[in-house]
Amino acid sequence: MSEMSLEEYGLNRPESGDDSVVSFTLETLDCRGRSVRLADAFHRIVTRHKYPAPVARLLGEAVLLAALVGSSLKFEGRFILQSQTDGPVNMIVVDLDAPDGLRGYARFDADALTKMLKEENISSAKLLGKGHLAMTVDQGAHTERYQGIVSIDGTGFETAAHHYFGQSEQILTHVRLAVAEHKVKGEKGSRWRAGGMMLQFLPKSHDQEVADFAAGDDPNQHENAIKYDPDNWVEAKALFSTISDAELVDPQVSVERLLFRLFHEKGVRVFDPEPLEARCSCSAERTEDMLATNFDAKERQEMAKDGEIEVVCEFCSTAYHFNPNQFDSE
């Protein structure tokens, strides 16, 4: 695809790179969307822990989903995605510290993971298992949290996202998530990359008939739903479904080039990229305040080992050390 092609469809800025989120609209199809590309940001998140590759990939899907959903909310505060399930990867937590800070961690059962990995064709959905997914908007003190909860039924984060928007937001939504390791020329080992895209149907007219899905817009349950879907949404989904995992993570295929391939015949408007970075909100001051506020002197003494309390951040693995007696005068 030539540079002139991109200019002809209206891109008058450099193509966006990694660690960013890009919004777009398809006005003729009554759709909008967002695309996320993560490279260094995700690599930093995942390499702070010695995650097995399957766990890292699953965490990557959660980070992408949090970035896609959370970055669309114009607010000050945090967007929190948390899964609790019965699979080997039994809990994942991702924070988006608005507008651009991402952090995340995964908890897994090492024995159960090892046992499952001996099987063939283990999908991320099977590693996740069944349970629930919560998405929370926390705008800080003196405000009420908003939380939406949907089930995870063994089909993974993509389908859970379709359920979430179908139930909680009543918006027809399609999501694609991809995570991969890749070799970098001149470097030893490999680096992690992640890419995702979300498409939503938001018609200007409210008189279009739309299917009422009890379980949300699950693309795997559309045997009888397609006849109720508006034509614009059917066409947009058909184009969107041609995205490959390779295109979502390929550093040589920018978001703009992918959107051009998908939608140039219908007309796509692409907005300026917004940066994302790996950033943990932990600090020595916050940790000290937590110990002083949530525990009494006896409990702090019991926490101490060799005369000091060690608190390790679950997200970034930073270790903070305190003297249990330093709180006595507070």
Quiz item: If we scan region 213-230, do we find a residue that is over 17 Å from Leu29 (Cβ atoms), crowded, with 17+ Cβ neighbours inside 10 Å and at pLDDT 85 or above?
Solution: no
Exercise. Restrict the check to region 302-323 and report whether at least one residue is touching a residue at least 60 places away in the same chain (Cβ under 8 Å), at negative phi and out of contact with any Phe, Trp or Tyr (no Cβ under 7 Å at 6 or more places or on another chain).
Key: yes
Quiz item: Does region 137-153 hold any residues that are among the β-branched types (Val, Ile, Thr) and within 16 Å of Ile92 (Cα to Cα), and which are they?
Solution: Ile149, Val150, Ile152
Quiz item: Can you tell me which residue in region 136-161 is nearest to the chain's Cα centre (by Cα), limited to those that are in a loop (DSSP other than H, G, I, E, B) and either crowded, with 17+ Cβ neighbours inside 10 Å or of a type outside the set (A, V, I, L, M) (or both)?
Solution: Thr155
Quiz item: Only one of (1) under 17 Å from the mean Cα position of the chain (by Cα); (2) surrounded by fewer than 15 Cβ atoms within 10 Å (Cβ to Cβ) fails for Asp109. Which number is that?
Solution: (1)
Exercise. Being in contact with a Phe, Trp or Tyr (Cβ under 9 Å, 6 or more places away or on another chain), of a type in the set (Gly, Ala, Ser) and either under 30 Å from Lys266 (Cβ atoms) or buried (at least 24 other Cβ atoms within 10 Å of the Cβ) (or both) narrows it down to one of Ala98, Ala66, so name that one.
Key: Ala66
Quiz item: Where residues in region 27-63 are of a type in the set (Ser, Thr, Tyr) and farther than 30 Å from Asp231 by Cα, which of them is surrounded by the most Cβ atoms within 10 Å (Cβ to Cβ)?
Solution: Tyr51
Exercise. State which residue is farthest from Ser20 (Cα to Cα) when the search covers only region 100-124 and only residues that are in a strand (DSSP E or B) and either among the small types (Gly, Ala, Ser) or free of Cβ contacts under 8 Å to residues at least 12 places away in the same chain (or both).
Key: Ala106
Practice problem: Residues being part of a helix (DSSP H, G or I) and either over 27 Å from Gln147 (Cβ atoms) or hydroxyl-bearing (Ser, Thr, Tyr) (or both): count how many of those fall in region 163-197. | Solution: 2
Practice problem: Kindly list the number of the only condition in (1) over 19 Å from Thr25 (Cβ atoms); (2) part of a helix (DSSP H, G or I); (3) touching an Asp or Glu at 6+ places or on another chain (Cβ under 9 Å); (4) not small (Gly, Ala, Ser) that fails for Glu285. | Solution: (3)
Practice problem: From the list Ala319, Ala297, pick out the single residue that is modelled with pLDDT under 95 and touching a helix residue (DSSP H, G or I) at 6+ places or on another chain (Cβ under 8 Å). | Solution: Ala297
Quiz item: Of the residues Leu133, Leu127, which single one is at pLDDT 90 or above and either loosely packed, with under 14 Cβ neighbours inside 10 Å or assigned to a helix (DSSP H, G or I) (or both)?
Solution: Leu127
Self-check item: Considering residues of region 255-294 that are under 20 Å from Arg103 (Cα atoms) and among the basic types (Lys, Arg) only, the residue modelled with the lowest pLDDT
Solution: Arg286
Quiz item: Restricting attention to region 29-77, which residues are over 17 Å from Leu96 (Cα atoms), assigned to a helix (DSSP H, G or I) and touching a strand residue (DSSP E or B) at 6+ places or on another chain (Cβ under 6 Å)?
Solution: Val55, Arg57
Quiz item: Where residues in region 172-198 are over 16 Å from Arg37 (Cβ atoms) and touching a residue at least 60 places away in the same chain (Cβ under 8 Å), which of them is nearest to the chain's Cα centre (by Cα)?
Solution: His174
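The values are calculated or read from the model by the stated rules, or taken from the named source; none is laboratory data. Fair warning: this is a prediction, and the values are worked out from it, not measured in the lab. Virtual Cβ from ideal backbone geometry, glycine too; neighbours counted across all protein chains shown.
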